[in-house]
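Working notes, structure below.
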Amino acid sequence: MDISDKIAFQPIIFQEIIQKLSAIDSYKGGWDLVEHKGKRYLKELRNIATIQSIGSSTRIEGATLTDEEVKQLLKSVQINKLDKREEQEVVGTWD
């Protein structure tokens, strides 16, 4: 006895099942796209929050760098020697 003997749908029911499976598959594809976008936005938000947090924390310690200056500094964090104390604070907090 094979599976075709166990499942004998009328053509209209078979068509409805195929349509529902197609809708589920379309939803899954749409969800994958949303999930991918969500990860990208989450990464961007995390980056913004990190820069703002570092900027705020170091300003409490007396640094005068703006969030934009913090962002630029962190882009070049491979610098071996940081001359200003506030730059050292930013990199130390980031690290």
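Nothing in this text is a laboratory measurement; each read-out follows from the coordinates by a stated rule. This is a predicted model, so every value here is computed, not measured. For neighbour counting, all protein chains shown are included, and Cβ atoms are generated from backbone atoms with ideal geometry for every residue, glycine included.
Some values worked out for this structure:
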{"item": "Theoretical gain in end-to-end length, Ile60 to Asp83 [0.36 nm per residue, Cα-Cα removed]", "result": "6.3 nm"}
{"item": "Over the stretch 24-95 - Rg/Rh using Cα atoms and the Kirkwood inverse-distance radius", "result": "1.25"}
{"item": "Residue-span extension gain [Ala49 to Val34] - 0.36 nm each, minus C-alpha spacing", "result": "3.2 nm"}
{"item": "Per DSSP, loop trypsin sites (Lys or Arg not before Pro) in the stretch 20-95 with at most 16 further Cβ within 10 Å", "result": "Lys81, Lys84"}
